[in-house]
Amino acid sequence: MYKKERFILKAASYISTRWEFSIVYQTSQFLNDIDEVKKAVDEEMEDYYELIGVRKIALKQKLSRFIDLSGRLRFQKRWAQTPRVPETSVLGHMLIVALFSYFYSKKIGACKTRLENNFFCALFHDLPEALTRDIITPVKYSVNGMDDIIGDIEIQKIEEDILPLIPEHIRNEFSYLLGLYGNGEKNEFLNKIYQKNIKVVDTLNTYNEDKFNVIDGVALKACDKLAAYIEASLSLAHGVKSRELISGKKQIMESMSKNKNIGGVDFYALVMEIEGYLNPPQGSHGT
């Protein structure tokens, strides 16, 4: 079953391994058999040449540069300058938000395109940070207009350094997933539909069809907050505390409590369930 899909997944796993090995190789050339390992890794590429994406990566074309750009997020830590256990990379955070968006979409019975849009919008929502680096929320909003300036820089970086690397036939779709809309505006966390033009809407109740290309931006923001809440809560539960983690967790809980139900899902109830698991009442035992 799903022979083609399994082949693509195997190729993706190999490409990731090859990318990681290219990093390891730089510091391991003193090892006697490292060149033999490198040869074996490089030769395996040929097994996947029937996939055009693999051929483009092998030729180090634009797609390869896009992967390298995304890979930078593997080394960027969330909650910059704030010690945490366990540490979270921006790349890992993006995946967690994408998984939450998938479960949200399944919960509300989203159509196929809506589910895909939500997943990929969440998966790439912090991609510009590969160029701008992670800027913690208190800094973004500490000075009036700072968030607007950062937003303008992100738009510039997307248009100049990211979109040119994307195949032309999906460039418009990808810019939509990155949150670009209107005339030079960006916000991936707005409810939007996309037919001939992108339109921001208040409610999506009547748009659950593939033709509307829905993105549940408001719900994706809740998924992003839920991921941040878990990141802070896990570190606090491990005993690694800081003022930023404590205040960040408090702000997220307060925000969730004011807007509990989003698109038919009670995110605040999820927060409280996780809170009970990480901090069970004294005398009880978590399961």
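Every number here is computed from the coordinates shown, using simple stated rules; none is lab data. Remember, it's a predicted structure, so these values are computed and weren't measured experimentally. Cβ atoms come from the backbone with ideal geometry, glycine included; neighbour counts cover every protein chain shown.
At 222 nm, what value in deg cm²/dmol follows for the chain if DSSP H runs of at least 4 each add -39500 (n - 2.57) and the sum is divided by all its residues, to the nearest 500?
Numbers: 13 runs with 158 residues, N = 287.
So the calculated ellipticity at 222 nm is -17000 deg cm²/dmol.
Please identify, among 171, 72, 18, the residue showing maximal mean-square fluctuation in a Gaussian network model of the chain using a 10 angstrom Cα cutoff.
With Cα springs under 10 Å in the chain, the top fluctuation among 171, 72, 18 is at 18.
Mind listing the phi-derived Karplus ³J(HN,Hα) values for region 61-76, rounded to whole Hz, using 6.51, -1.76 and 1.60 with θ = phi - 60°, and x for any glycine or proline?
Calculated HN-Hα couplings, in order: 8, 4, 4, 5, 5, 5, 5, 4, 5, 5, x, 4, 5, 5, 9, 9 Hz.
Can you give the log10 of the normalised intensity I(q)/I(0) at q = 0.11, 0.19, 0.21 Å⁻¹, computed with Debye over equal Cα scatterers of region 1-153?
-0.63, -1.31, -1.37
In straight Cα distance, which lysines are under 19 Å from residue 221, not counting same-chain residues fewer than 8 positions off?
Filter leaves 106, 107, 140, 186, 192, 199, 249, 250, 258, 260.
Rounded to two decimal places and with Rh computed the Kirkwood way over Cα pairs, what is Rg over Rh for region 159-201? Could the numbers behind the result be given before it?
On the way: Rg = 10.4 Å, Rh = 10.9 Å.
Over the Cα atoms of region 159-201, Rg/Rh equals 0.96.
Report the percentage of all Cα-Cα pairs in region 89-216 whose separation exceeds 19 Å, rounded to a whole percent.
Working: 4180 of 8128 pairs.
The share of Cα pairs beyond 19 Å in region 89-216 comes to 51 percent.
Output the direction-averaged projected area (hull surface divided by four) of the convex hull of the alpha-carbon atoms of region 3-59, in nm².
4.0 nm²
Remind me, relative contact order of region 89-216 in percent, using alpha carbon pairs under 8 angstrom and six or more residues apart? List each step's numbers first, then the result.
Working: 133 pairs, mean separation 34.9, N = 128.
Relative contact order comes out at 27 percent.
Sort 177-185, 221-229, 27-35, 98-106 by the packing proxy (mean of other Cβ within 10 Å over each peptide's residues), most packed first. Walk me through the numbers before you get to the answer.
Working: 177-185: 16.7, 221-229: 22.8, 27-35: 10.0, 98-106: 19.2.
So the order, starting with the most tightly packed, is 221-229, 98-106, 177-185, 27-35.
Under 10 Å, Cα contacts only: if you run a Gaussian network model on the chain, which one of 258, 211, 192 comes out with the highest mean-square fluctuation?
258
P(r) for the chain: what percent of alpha-carbon pairs falls in each 10 Å bin, starting at zero?
All Cα pairs, binned at 10 Å, distribute as 6, 23, 32, 25, 12, 3, 0 percent.
Between 24, 271, 54, which gets the highest mean-square fluctuation from a Gaussian network model of the chain, Cα cutoff 10 Å?
Largest GNM mean-square fluctuation: 24.
If I take R0 = 45 Å and measure r between the Cβ atoms of residue 111 and residue 35 in this structure, what FRET efficiency does the formula 1/(1 + (r/R0)^6) give, to the nearest 0.05?
Rounded to the nearest 0.05, the efficiency is 0.30.
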